[in-house]
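Participant: To start, I am sharing the structure in question, which I have written as structure tokens.
Each value in this text was obtained by applying a stated rule to the coordinates, not by laboratory testing. Remember, it's a predicted structure, so these values are computed and weren't measured experimentally. When we count neighbours, we look across all protein chains shown, and the Cβ atoms used for this are built from the backbone with ideal geometry, even at glycine.
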Amino acid sequence: MSRVLRIYEEVAADYDQVGPAFYEANGRELVNLVGLRAGDRVLDAGCGRGACLFPAADLVGPSGEVIGVDLSPAMVALVGAQAQARTPDGGQGLANVQVVVGDAQAPDFPAGSFDVVVSGFVLRLLPDPLAALRAYAELLRPGGRFGATIYAATFGEGWGEVRRVLSSYIPSKGVEVASPLDPASGLAGLLEGAGFGEVLVVDEPFDIWLADPDEWWRYMWASGYRGMMDGIPAADRERAGVAARAAAERLREPDGRLRLPQQVRYATATR
């Protein structure tokens, strides 16, 4: 089992369930930016817990369809159960939603199958983002639209000591990994290289508010940060938690909460 698959199998039940629903909020913003319309057929590549999938289903309506693909069977099972539990107009489940286990880098569908492809916080996880973008372009009909989000920046000003504490427990990797998606022009260049036009890439601030250092520490294990946290050896995790929460304690706002600043990178393009 690959490391990425193992991590997301482990985090699936808690993913976006601790603290504010960061991915849900950004998923809704992304599908609005990409301009979904009633009747669209949409692929959500790397659907996770449905942050893009469910708002997309609302926008395309009963005449449209949204297919979510994720490498993690646990994620797919949870999203499928969520879809079945929803009862629009008194019915049973979302008839316009399908979720399947599959590779978000190379979704197995015929060329020209979709009006829209979206990908929320997935591109950084893929071995070859350019190959993925080329695959998405191939899956789109002429004039089809693409939208993606990635982290542009994490932690933010003031969190330097917390970052140093975490880095001291992850000596082999640290808390940042270089990516061909950096900077914004890098992502724009990849999209253009994959054959997309009308490329627009913008970074927007997004503050995550957490009740206290304990909730922050749980959030770190129940979000995309899990990949970084997984680098802490099991024997050191309790000590790392004590040290990191102590550092975070000094960052409390006057009301006692913690503000975790993020920058979200939104990209849209057309086929």
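Participant: Please enumerate the residues belonging to the range 90-143 that are assigned to a helix (DSSP H, G or I), surrounded by fewer than 17 Cβ atoms within 10 Å (Cβ to Cβ) and aliphatic (A, V, I, L, M).
Facilitator: L130, A131
Participant: Those residues that are touching an Asp or Glu at 6+ places or on another chain (Cβ under 8 Å), under 21 Å from A222 (Cα atoms) and in a loop (DSSP other than H, G, I, E, B), I need them from the range 6-49; list them, please.
Facilitator: D16, V18, G19, G46, C47, G48, R49 - these are the residues of the range 6-49 that are touching an Asp or Glu at 6+ places or on another chain (Cβ under 8 Å), under 21 Å from A222 (Cα atoms) and in a loop (DSSP other than H, G, I, E, B).
Participant: Okay, moving on. Is it the case, given these coordinates, that V76 is under 23 Å from G143 (Cα atoms) and either out of contact with any Lys or Arg (no Cβ under 6 Å at 6 or more places or on another chain) or in contact (Cβ under 8 Å) with a residue 60 or more places away in the chain (or both)?
Facilitator: The answer is no for V76.
Participant: Under 9 Å between Cβ atoms, at least 6 apart or on separate chains: pull out the pairs that start in the range 257-269 with a residue that is farther than 12 Å from E157 by Cα and end on any residue that is hydroxyl-bearing (S, T, Y) and part of a strand (DSSP E or B).
Facilitator: Cβ pairs passing all conditions: V264/T149; V264/Y151; R265/T149; R265/Y151; Y266/T149; A267/T149.
Participant: Still on this model: Among the listed residues A267, A248, identify the single one that is surrounded by 20 or more Cβ atoms within 10 Å (Cβ to Cβ) and within 30 Å of G143 (Cβ to Cβ).
Facilitator: A267
Participant: Among the listed residues L200, L181, identify the single one that is among the hydrophobic types (A, V, I, L, M, F, W, C), in contact (Cβ under 8 Å) with a residue 24 or more places away in the chain and in contact with a Pro (Cβ under 9 Å, 6 or more places away or on another chain).
Facilitator: L181
Participant: Spot the failing condition for R252; the list is (1) under 18 Å from W159 (Cβ atoms); (2) in contact (Cβ under 8 Å) with a residue 60 or more places away in the chain, and only one is missed.
Facilitator: Exception for R252: condition (2).
Participant: Search the range 139-162 for residues that are in contact (Cβ under 8 Å) with a residue 40 or more places away in the chain and under 23 Å from A188 (Cα atoms) and pair each with any residue that is surrounded by fewer than 19 Cβ atoms within 10 Å (Cβ to Cβ) and β-branched (V, I, T) when their beta-carbon atoms are under 6 Å apart and the residues are at least 6 apart or on different chains.
Facilitator: Within 6 Å, the pairs are R145/T270.
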